[in-house]
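To start, the structure itself, in structure tokens.
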Amino acid sequence: MEDDLLTGIKAGVVAGRLGGMGDMTRAALDTGVPAADIMSLGLIEAMSIVGEKFEKKEYFVPEVLVSARAMHESMDVLRPLLEASGVEPLARVTMGTVKGDLHDIGKDIVSIVLTGAGFEVQSLGADVPSEKFVEAAAGGAGVVGMSSLLTTTRPRMAEVIRLLEERGLRDGVKVIIGGAAVTEGFANEIGADGYGADAAQAVRLVKSLLGIQ
Amino acid sequence: MALIDIIGWVGKRRWARPVGVPMMLAARRIPLATMVRLAGRRICIPSAGYSAIALSGTSVRDNLCDGALMFETLAGAIERFGLEVDGTASDLTIEPGACGCPVTMPDNDTPYVSEHPFSTLEDIRALQVPDPLADPRMRAMTETVRLLSKRFALLTVAGGSGPFTLAAELIGASEAAMNTVMEPALMHELLEYCTRVCSAYLAAIVRAGAEVILIGEPTAAILSPASYKEFSGAYTKRLIDSIPRPVILHICGDAGHLLEGMCATGAQGLSLDAPVDLPSVAQSVPRDVVLIGNLDTVSVLLEGTPERVRESTTAMLESMRPYKNYVASSGCDLSYNTPVENIVAMIETVRGFR
Ligand code: B12
């Protein structure tokens, strides 16, 4: 029974079944499945399946976004319980697309998958002034993620890193970058902590930077 | 001398207009694939509108807002590069701007839609189809086309946004993507509206004298083949059916998975970006559809040397040698900062290739 409910939640997220995820989650809680299990065995596993399907081109951007919304329906039920029981998010990640760049789909997908993996993600949107990333770091974000799809906007990433250094915030935060305009090499060049080619890599990257298993 | 060279030579000379103009009027009735086959050598369309602006020393913003200035800029580039096909700089913020989205226009970079203010069915139902004669930026672009075809008897390529790309600007790209699954009825209503907007604007471009219409549908690249057909292809087809000129359909990025759907729109030309392997695609595309592409705009044209551009262009031309239905081009619009020597290297390599 419990297993059925958990499997149902997982399948619901993978299939992007909207509208009933909250009820399913409450039903699972009622039968005694711990919130943390629903989170890790249901939602996080579901989102990693979604990520795999995206990489295999079984899923495209719309399907991923809808699965993410289904995950959020369930998360909305779980969040108060997890907070009350003192389960902290793994870390706080701030994510945005740099100033002058409006491509926001890629960073949305990365944000979603990171949320699915147990991180708290604050989304700054697209066309984000460099100052905003710095403010987020000052406000306690452990990871700053930047996306750039335009060759003309990627210098902004170096600018953010420079501003973080000037404010003495650089050591307290991990800076990760991604998007079609940047590469591993560019990340090294500007002194970022890491580069991710896709959302699954972004999760592995953040975990390894923070020393999370 | 190839036929296309003669057309280019005649088309640039004012005194030759009595010959050039009837030639262009005749060209309007010839399918794109036939024109390409008759050209006598490979045609090159560099998509260098923004580079033309850089070359002119005037700002991107001024050009996009002032049709006469944009015409001067493009005329300069036609002479400088010796083009035989003239095209405007593509600007996919014109339609969303006319529909009411705020547009940010940097002095010297491509403009962008900075907010997507519509979301509900009520919002969408309240939208009016902009009048291309009344909206200032639609008017500027049609004015550019009018001046170009008055001055040059060349194939004028001009166009605008595709329906899904416009829809994504109006409500936001992620919202549009999700709504294909969650709110298909809302999307269809929105796309009906967008198709009407695109159709009215492109009709004005045709009336201004464009010979070939280019529809840019980049945001459709994120759709699956099935939802492409439903949410972009079907509307693009209706749009194309409403246009009495050959249409080229462009999708940026890796659009290989959408090819079949793109062919079904009735587009006479498909313009594809660098990630698509043209020679392998060429086998599955009907002979009467022209393939256009696809030199890498960033790693080759923006960041490469002229030597590298010549090598890549030659390799591209060699790989497409068996196919008559092919026009050489960059994969996408060239960036404002693309070195002029690189553009010249691409054009000259194409021109000299036999
Ligand atoms: C859709 C699209 C648009 C839409 C954007 C809609 C939106 N709101 O996002 C519109 C039509 C608005 C658009 C506009 C433009 N675009 Co555009 N666009 C694209 C396209 C086709 C797809 C992008 C996309 O969403 N992909 C799907 C997502 C899921 O992939 P992704 O973004 O790469 O993200 C993945 C990874 O990169 C990674 N990732 C992303 N961010 C991050 C961040 C971190 C921290 C990590 C770890 C990982 C990570 O994970 C993601 C998930 O797997 C690309 C083509 C391409 N090859 O990417 C061009 C492309 C990005 N665009 C391009 C250009 C040039 C433009 C314009 C300048 C066009 C013009 N001439 O007007 C304008 C610029 C507007 C602006 N100022 O931003 C070029 C960029 C070239 C360059 N390197 O400079 C591209 C590459 C096309 C091309 N070949 O020329 N575009």
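The values are calculated or read from the model by the stated rules, or taken from the named source; none is laboratory data. This is a predicted model, so every value here is computed, not measured. Ideal geometry is used to build each Cβ from the backbone, glycine not excepted, and the neighbour counts take in all protein chains shown.
Within segment B:290-299, which residues are of a type in the set (A, V, I, L, M, F, W, C) and either surrounded by fewer than 20 Cβ atoms within 10 Å (Cβ to Cβ) or within 11 Å of the ligand (Cβ to nearest atom) (or both)? The answer is B:LEU295, B:VAL298. From the set of residues in segment B:291-321 that are charged (D, E, K, R) and more than 14 Å from chain A (Cβ to nearest Cβ), which is farthest from A:VAL182 (Cα to Cα)? Among residues in segment B:291-321 that are charged (D, E, K, R) and more than 14 Å from chain A (Cβ to nearest Cβ), the one farthest from A:VAL182 (Cα to Cα) is B:ARG321. Output the residues belonging to segment B:252-276 that are among the hydrophobic types (A, V, I, L, M, F, W, C), part of a strand (DSSP E or B) and closer than 17 Å to B:ALA234 by Cα. Of everything in segment B:252-276, just one residue is among the hydrophobic types (A, V, I, L, M, F, W, C), part of a strand (DSSP E or B) and closer than 17 Å to B:ALA234 by Cα, namely B:LEU270. A:LEU210: modelled with pLDDT under 95, of a type outside the set (D, E, K, R) and within 9 Å of the ligand (Cβ to nearest atom), yes or no? Spelling it out, it is not the case that A:LEU210 is modelled with pLDDT under 95, of a type outside the set (D, E, K, R) and within 9 Å of the ligand (Cβ to nearest atom).
Annotation note: of B:SER51, B:SER47, the sole residue that is within 14 Å of chain A (Cβ to nearest Cβ), surrounded by 22 or more Cβ atoms within 10 Å (Cβ to Cβ) and either part of a loop (DSSP other than H, G, I, E, B) or among the polar types (S, T, N, Q) (or both) is B:SER51. For the structure I just gave you, tell me whether A:GLY116 is near the ligand (Cβ under 10 Å from one of its atoms), away from every other protein chain (no Cβ under 14 Å), within 11 Å of the chain's Cα centre (by Cα) and crowded, with 22+ Cβ neighbours inside 10 Å. No. Count of segment A:7-36 residues, restricted to those that are over 14 Å from A:HIS72 (Cβ atoms) and either touching a helix residue (DSSP H, G or I) at 6+ places or on another chain (Cβ under 7 Å) or not acidic (Asp, Glu) (or both), is 16.
Just one residue in the set A:VAL121, A:VAL77 is free of Cβ contacts under 8 Å to residues at least 60 places away in the same chain, within 14 Å of the ligand (Cβ to nearest atom) and crowded, with 17+ Cβ neighbours inside 10 Å; that residue is A:VAL121. Apart from one condition, B:MET105 fits all of (1) within 14 Å of the ligand (Cβ to nearest atom); (2) within 18 Å of the chain's Cα centre (by Cα); the exception is (2).
Going residue by residue through segment A:137-146, is there one that turns out to be within 19 Å of A:ALA46 (Cα to Cα) and either surrounded by fewer than 20 Cβ atoms within 10 Å (Cβ to Cβ) or not aliphatic (A, V, I, L, M) (or both)?
No - not one qualifying residue is present in segment A:137-146.
Note on segment B:231-253: among residues that are out of contact with any strand residue (DSSP E or B) (no Cβ under 9 Å at 6 or more places or on another chain) and within 11 Å of chain A (Cβ to nearest Cβ), the one that is farthest from the ligand (Cβ to nearest atom) is B:PHE231. Exactly one residue out of B:ALA226, B:ALA176, B:ALA220 is within 16 Å of the ligand (Cβ to nearest atom) and within 10 Å of chain A (Cβ to nearest Cβ): that is B:ALA176. For segment A:192-203, the condition holds for no residue, the condition being that it is in the same structural domain as A:VAL144 (by TED's automatic domain parsing), in a loop (DSSP other than H, G, I, E, B) and away from the ligand (no atom under 14 Å from the Cβ). Filtering segment B:54-79 to residues that are part of a loop (DSSP other than H, G, I, E, B) and of a type outside the set (S, T, N, Q) leaves B:GLY57, B:ASP66. Which residue is farthest from B:CYS252 (Cα to Cα), if the candidates are limited to segment A:156-187 and must be among the basic types (Lys, Arg) and touching a Gly at 6+ places or on another chain (Cβ under 8 Å)? Of everything passing the filter in segment A:156-187, A:LYS174 is farthest from B:CYS252 (Cα to Cα). Please indicate, with yes or no, whether at least one residue in segment B:133-146 is in a loop (DSSP other than H, G, I, E, B), touching a strand residue (DSSP E or B) at 6+ places or on another chain (Cβ under 7 Å) and buried (at least 23 other Cβ atoms within 10 Å of the Cβ). There is no residue in segment B:133-146 that is in a loop (DSSP other than H, G, I, E, B), touching a strand residue (DSSP E or B) at 6+ places or on another chain (Cβ under 7 Å) and buried (at least 23 other Cβ atoms within 10 Å of the Cβ).
Given the conditions (1) over 28 Å from A:ARG17 (Cα atoms); (2) modelled with pLDDT under 95, and given that B:THR144 satisfies all but one, which numbered condition is not satisfied? It fails just one condition, (2).
Within segment B:80-112, the set of residues being part of a helix (DSSP H, G or I) and closer than 23 Å to B:VAL157 by Cα comprises B:ARG80, B:PHE81, B:ILE94, B:GLU95, B:PRO96, B:GLY97, B:ALA98.
Scanning segment A:46-78 for residues that are hydroxyl-bearing (Ser, Thr, Tyr) and farther than 22 Å from A:HIS103 by Cβ gives A:SER48, A:SER74. List, please: which pairs have Cβ atoms under 6 Å, are six or more places apart or on different chains, and start with a residue in segment A:139-167 that is within 14 Å of another protein chain (Cβ to nearest Cβ) and more than 14 Å from A:LYS107 (Cα to Cα) and end with one that is at pLDDT below 95 and surrounded by 23 or more Cβ atoms within 10 Å (Cβ to Cβ)? These pairs meet every condition: A:THR153/A:ASP101; A:ARG154/A:VAL182.
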